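Nothing in this text is a laboratory measurement; each read-out follows from the coordinates by a stated rule. The model shown is predicted, which means the values in this text are computed figures rather than measured ones. All Cβ positions, glycine included, derive from the backbone under ideal geometry; neighbour counts span all protein chains shown.
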Amino acid sequence: MQRAVINRWINFSPIDGPGNRTVIFFQGCNLNCSYCHNPETIEIYDNKSKIPGSLYLLTVDELIEKIKQNFPYISGITVSGGEPLLQLEFIKELFSKTKKLGLSNFIDTNGTIPLTEQKTLLDLTDGVMIDFKASNSADLIEVTGSDKLEIIKENIILLNDVGLLHEVRTVIAGGLINYQENVVEIAGFIAEIDPEIKFKLIAYRNHGVENSEGIIEPSTEDINNYKKLARTNGCKNIQIIK
Amino acid sequence: MEEALNIIKDGTLTQQQKIIALARQAENQLELPGLTDKEQDYLNSDLVCDLAEGQAPYRPRYNLVDFAKFMEEGSEFLRLSSPETLAEATNNLIILYQNIPSVTGMPVYIGELDKLLEPYIDSSSDPKSTIRLFLTAIDRTLPDSFVHADIGPEKTRAGELILEAEKELANSVPNLTLKYDPELTDKDFAIQAVETGLEVSKPYFANHRDYQKIFGDEYAIVSCYNALPIGGGSHTLVRMNLKAVVEKALEEEEFLAVRLRDVSKTMLSIMDKRIAFLCEESPFFKSNFLVKEGLLDKNKYTAMFGVYGMAEAVNLFLDGDSESGSYGKTAESQKMAKNILDIIQNELNEHENEHSPFNDGHYLLHAQSGIGEDVDTSPGCRIPYGEEPSMPEQLNFISPIHQYFPAGVSDIFTFDKTYKRNPEAILDVIKGAFEKGLRLFSFYNSESDLVRITGYLVKRSEIEKLNQGETVHKDTVVLGRDTLESSPEENRKVR
Ligand code: SF4
């Protein structure tokens, strides 16, 4: 029976997809973003028998048992992390069971796991929130430590094609890269696919970030300017989170 | 007489508040006839409390005027005919409100406002501003947060305008409830109500389908969150302190069930005597124009049997400590609460009152919300502030308990401002809770100036004023301040 390493879960969340949702944070991430808000979720545990006591090692049924008290009050679940798709087989099993219970399934991903071969997963999925952290390889390496630009772009196109793209998100972390350029390019890329795709600009906030040296919280004015930029570059559905 | 002088000299009371307090003072020079020594003892102890209704009841405590009939037929006594325009309709209502008796001197129910006003919306050139004026007049002329209006379940133009206006005005009066049924209430209207709630802490959501089973369509949520039949109401509300009952049983080393039955019977008898005075000695049901004109009907009256302090009662009994314990956290504590309520309900089933024909003479259980002076007891069956488990656990625990209270019960939930981005999330919670049997869901945003005290709204800013010795317009601000000070309302968990 397969088990997943899970960091924690939130019973009710209004900010992880439509309606009220239970969010499960999977342990382990393939990136190392300088502004990561959950750095404790990054470390990957290959040997699942040696995980720290603060984490959970659960089967799908055990996880469901722990969150089923929430089911009457939620639209569905969202898997997040870390990068949840590193534990893809588990998520497929989880989604097939939650789907049967009448819940919707959402994925919150950093976009770097190729989805082209994942028909079974996508058939069980109702929506995906995907990060687009920078628009070119150099900046992507600067922000995340690796270059997965092409995979991210392919994933966005694919998700839009199959009607599962819930939103594309860019964190604005001042001082890190040139966000003028990045917003222009990301917005252009999105608008070319479909101007109605929801583009969420999230202002970086200091709290909870360990390695925050040199990263600056963008001002409201900055964020509003980026929103305008995105609009002039063709996006029609822009949301800013301050 | 000293008390009267104190009222007169009190610089924080308005003129109207003084008059009401002085009248109460005078009434209490009398003594309710026929009380036995035991009944008197219980009233003097912590066990039973008549909530300062007065010693000589001369009007029912809660009156739910049949406003629909008033709109159709007008009133001979008030020399008003059926209105033809929105301005006339709102004007007639404002006049009628001044003539509805209650314990506070102000009506606890002012109508299903959307249904009452909807027929006049189309012919009005500016319905929004008329509704704004109407709601402002209510807030200023009826300065009491127990004044309660209802809307829903169906979406109407009037209902939407009322919500819009309430959100803009941010008044604490009236209290407002949306009768909600996911099948009857349009989603966009429900969402608008949630958005309004996140700004101004109202409306409440009432489980319409569930209340309909008890009352049919003719019911309203009134006062704090009491559910009662329209066209009638409740003669009286007396309440039992469950914590005190457990204390007494432990002290006397007797079975809790025995003491519960004893206090229930005594309280029922006290209620009977209050109602006997009201219906036999006071001429209300013979002389009041509302009765004579059929706007109130004696046959639609019941009485409310209130209980409170359940959490402390259960904690004391199971864990030996009333202040903190397993209530709200374990299945055992839920079972114990149900047992207590079953015993009381049994007493109500066996008791009939000739003057309260509604529900075949059986009084209705009510989870009483507490008053300012209460210390160390939680409202109704609520989990003590700060002791709540996670929201889903709380809902799973409390929803089945709501089922015991036809005449009103509520729980309050606090949401942080991120929910403003996604009001649908709160609707998900409400829908789930109603399916589980929750009867009344109230909520507010943790940053709102309007705070929900046990069952009504006050403004934080007004409490501040009162604390600085200024007079404030609303009587409930004083109550709210006292409640805030004696129960750590601010501890309520934010989600
Ligand atoms: S992708 Fe997300 S979880 Fe992974 S390092 Fe970046 S911010 Fe942290």
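At a glance:
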read-out	value
Overall form of chain B per C-alpha gyration tensor (a/c, 1.5; a/b vs b/c)	rounded
Cα centroid of segment B:199-267 to Cα centroid of segment B:119-194, whole Å	27 Å
Other-chain or far-sequence residues with amide H under 5 Å of B:Phe305's (modelled H)	B:Leu364, B:Leu365, B:His366
Listed residues A:Ile172, A:Ile197, A:Ile107, most fluctuating in chain A (Gaussian network, C-alpha, under 10 Å)	A:Ile197
Kirkwood Rh, angstrom, segment B:2-54 [1 / mean 1/r, Cα pairs]	12.8 Å
Gained length - A:Gln2 relative to A:Thr232, 0.36 nm times residue gap less alpha-carbon distance	78.0 nm
Nitroxide proxy distance, nm - points 7 Å out along Cα→Cβ at B:Glu254 and B:Glu218	4.2 nm
Value of [θ]222 nm, deg cm²/dmol, for chain A, DSSP H segments ≥ 4, -39500 (n - 2.57) each, nearest 500	-9500 deg cm²/dmol
P(r) weight above 17 Å for segment B:333-432, C-alpha pairs, percent	63 percent
Translational diffusion of segment B:49-114, µm² s⁻¹ [Kirkwood Rh, Cα pairs; Stokes-Einstein; 20 °C; 1.002 mPa s]	164 µm²/s
Shape box of the protein assembly as shown [Cα atoms, principal axes, largest first, Å]	89, 68, 48
Average beta-carbon neighbours from other chains, 10 Å sphere, peptide B:387-398	3
Residues whose placed amide H lies under 5 Å from that of A:Ile42, excluding near-sequence neighbours	A:Gly28
Above-threshold pairs, the threshold being 31 Å between Cα atoms, out of B:Lys213/B:Lys338; A:Lys92/A:Lys200; A:Lys50/A:Lys200; A:Lys48/A:Lys68; B:Lys213/B:Lys459	A:Lys50/A:Lys200; B:Lys213/B:Lys459
Per-residue mean of C-beta atoms belonging to partner chains within 10 Å, peptide B:426-436	4
Assigned charges on the beta-carbon of Lys, Arg, Asp, Glu; the protein assembly as shown dipole about Cα centre (debye)	860 debye
Backbone N under 16 Å from the B:Tyr58 label point (7 Å along Cα→Cβ), restricted to segment B:100-140	B:100-106
Between segment A:63-126 and segment A:142-163, the Cα center-to-center distance that results, in Å	19 Å
Relative frequency of Cα-Cα separations exceeding 26 Å in chain A, percent	38 percent
Calculated FRET efficiency for the pair A:Ser137/A:Glu40, C-beta based, R₀ 45 Å, to 0.05	0.95
Unmatched cysteines, chain A - criterion: no other Cβ of a Cys under 4.7 angstrom	A:Cys29, A:Cys235
Lys, Arg +1 and Asp, Glu -1 on Cβ, resulting dipole of segment B:27-140 about Cα centre, debye, nearest 20	340 debye
Distance from segment B:3-44 to segment B:352-367 (C-alpha centre basis), Å	27 Å
Shielding of A:15-23 by partner chains, average beta-carbon count, 10 Å	4
FRET efficiency for A:Asp147 and A:Glu89, using Cβ-Cβ distance with R0 set to 25 Å, rounded to 0.05	0.45
Separation of the A:Lys48 and B:Glu27 label points, Cα + 7 Å toward Cβ, nm	6.9 nm
Rg(Cα) / (2.2 N^0.38 Å) computed for segment A:1-131, rounded to two decimals	0.98
Rounded to 5, the percent of DSSP beta bridges in chain B classed as antiparallel	35 percent
Rounded, prolate or oblate (a/c below 1.5 giving rounded, otherwise prolate when a/b exceeds b/c) for segment B:257-319 by Cα gyration tensor	prolate
Radius of gyration and maximum dimension Dmax of segment B:102-199, Cα, Å	13.1, 38
Relative contact order %, segment B:328-382, counting alpha carbon pairs below 8 Å whose residues are six or more apart	19 percent
R0 of 60 Å, Cβ-Cβ distance B:Ala137-B:Glu350: FRET efficiency to nearest 0.05	0.85
Straight-distance crosslink candidates among lysines, where the alpha carbon sits under 27 Å from B:Lys286 and sequence neighbours closer than 8 are dropped	B:Lys69, B:Lys273, B:Lys298, B:Lys300
Candidates A:Asn225, A:Asn182, A:Asn110: whichever shows maximal mean-square fluctuation once chain A is modelled as a Gaussian network with Cα springs under 10 Å	A:Asn225
B:Asp186 paired with B:Leu5, simple spin-label distance in nm, labels 7 Å along Cα-to-beta-carbon	6.3 nm
